[in-house]
Structures are given as C-alpha cells and as structure tokens.
1. Could you tell me which numbered condition THR123 fails, if it satisfies all but one of (1) at pLDDT below 95; (2) hydroxyl-bearing (Ser, Thr, Tyr); (3) closer than 30 Å to TYR68 by Cβ?
2. When SER118 is evaluated against the numbered criteria (1) surrounded by fewer than 17 Cβ atoms within 10 Å (Cβ to Cβ); (2) under 27 Å from PHE4 (Cβ atoms), which criterion, by number, is the only one it fails?
3. Run down LYS88, LYS126, LYS104, LYS93 and say which single residue is under 16 Å from ILE212 (Cα atoms) and either loosely packed, with under 15 Cβ neighbours inside 10 Å or of a type in the set (D, E, K, R) (or both).
4. Listed residues SER2, SER30; which is of a type in the set (Gly, Ala, Ser) and closer than 27 Å to ARG107 by Cβ?
5. Which one of ALA111, ALA61 is surrounded by fewer than 16 Cβ atoms within 10 Å (Cβ to Cβ) and hydrophobic (A, V, I, L, M, F, W, C)?
6. Examine the range 148-155 for a residue that is under 23 Å from HIS7 (Cβ atoms) and of a type in the set (A, V, I, L, M), and state whether such a residue exists.
7. Is there a residue being of a type in the set (Ser, Thr, Tyr) and surrounded by fewer than 19 Cβ atoms within 10 Å (Cβ to Cβ) anywhere in the range 134-143?
8. With buried (at least 19 other Cβ atoms within 10 Å of the Cβ) and either of a type in the set (Lys, Arg) or in a strand (DSSP E or B) (or both) as the only criterion, which of ALA154, ALA194 stands out?
Amino acid sequence: MSAFHIHIDALNISPAFEEYLTKELRFWRSDFSGSPDSANAFFPVNHFTHKPETSRDFRTAFDRLLTYVKTEDAMKGYIEGEFIAVQKHIEEKPFDSSVSAPFKLNRTRLAPGTFRESEVHITLNKDRSSPALIRSLVDIGLFSAYIPKPYGTAQIFTAQGSRTHVQSIVQSLSTYLDNAGGAFDCNLKEERIADWWVSEPNLQLPPVIGSIEWAAQ
C-alpha cells in the first residue's frame, strides 16, 4: 500500500490537463458524490487521485504536475501531496452511547497564501454504521462528504489544520472509535502535507481547526 497520495482538487479543469493526468501520470477520477449538508460542504467538484509507490515516484509526479500547471491554463483549485503518517482499521462492534465524545472543534479560515499542514480522515460505511455515531462525529466538528466504494457509499469525515492540532486529536479519535463502536468498514488516517500548489493566492480553501474544546475527564 502506497504511503503517498497526490490529489487534484479543482473547481474546473481543462480537457487537456485531464487527459495528461489520466494518460501520462496515471491519475484517476475519484469524485465525491455529495454531502449530508450541502450548505456546509467543502469537497471539490473535480477530484483526481494518484498513489505513487515510492518517495522518488512522488517527487517525480509532483514536479511534472508543477511544470504543467505553471505553463498552461490547466485548472482552478489546488494540488495536495500527502504522506500517510497514521493508518488504522477500526474493529466493528455495536455502538455504545455511554461513551462520550472527547472534544469539540472550532473552525477558522486559513490566511491567504498558506496551506494546511495535516489532516485526519475517518472513512466508514454510511449505511451500515450507527447513525448515532455519525451524528456524534458531526457534533465533534468534523465535516464530511460521500464517495462511492465497492460496498456502496462511504462517508468521509475530515478535520484539517496545523500538525500540532491534528496530532493532538488523532489518538483521541482512535480511542473514541474503538470504545464507542458503531463504525463499519472504518479506517482512520493522518495525512501530512508533503507539498502543495494553489492556483491563485486568494482561493478559498476548506476551513481548518482554530481551537479544540476538550471534554472534562
């Protein structure tokens, strides 16, 4: 399994660039299929993915992308190169409503010209997982979107921000999912930014963690 991912997150993309991505660089479309709250959705219209096998492959592919987008009118949006720092499968068991959520997130906007440092993803089976667990993850402050999977529809919960903020919640989320249960086909990942590119300085990026309200122990 690749430890690196590269994603194209574009509001619009030229046909020539899409052809270059899919035919020359082995990207594939991995578009999202909506969000439970369309008024609070942050997923891109066009989403492409590539999983380089080695750090050298990652660097080569990312540099080829930069060369293309800096010389052609290729896309509006951003490119993110990620290293998978944490990956864990969550075991399936019934939901326990007595387990309290460990924190609540408050969001903020990134300053123009900056980019997030890391993010945490929770991916689970939307239709098999406990609705109560899903509500609790929303209440925590994670935002989510749907994406097709071989088993049906996955719901992906995300929080982005500084490495300090993300690292401080990854273990707590892992422990909460383990103890609360209710998640099926569930994986947790921390994906740290290795490189990035934004098409314009004032492009509005997804919100990040501004502060964390920890639950009383």
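1. Among (1) at pLDDT below 95; (2) hydroxyl-bearing (Ser, Thr, Tyr); (3) closer than 30 Å to TYR68 by Cβ, THR123 violates only (1).
2. Only one criterion is unmet by SER118, namely (1).
3. LYS104
4. Values: SER2 fails: closer than 27 Å to ARG107 by Cβ.
Criteria check complete, one pass: SER30.
5. Details: ALA61 fails: surrounded by fewer than 16 Cβ atoms within 10 Å (Cβ to Cβ).
So the residue among ALA111, ALA61 that is surrounded by fewer than 16 Cβ atoms within 10 Å (Cβ to Cβ) and hydrophobic (A, V, I, L, M, F, W, C) is ALA111.
6. Of all residues in the range 148-155, those under 23 Å from HIS7 (Cβ atoms) come to 148-155.
Next, from what is left, pick out any that are of a type in the set (A, V, I, L, M): 154.
Yes, the range 148-155 contains at least one residue that is under 23 Å from HIS7 (Cβ atoms) and of a type in the set (A, V, I, L, M).
7. So in the range 134-143, the residues of a type in the set (Ser, Thr, Tyr) come out as 136.
Going one step further and asking which of them are surrounded by fewer than 19 Cβ atoms within 10 Å (Cβ to Cβ), we end up with none.
No - not one qualifying residue is present in the range 134-143.
8. Numbers: ALA194 fails: buried (at least 19 other Cβ atoms within 10 Å of the Cβ).
None of the other options fit; the residue is ALA154.
The values are calculated or read from the model by the stated rules, or taken from the named source; none is laboratory data. This one's a predicted model, so the numbers in the text were calculated from it and none came from an experiment. For neighbour counting, all protein chains shown are included, and Cβ atoms are generated from backbone atoms with ideal geometry for every residue, glycine included.
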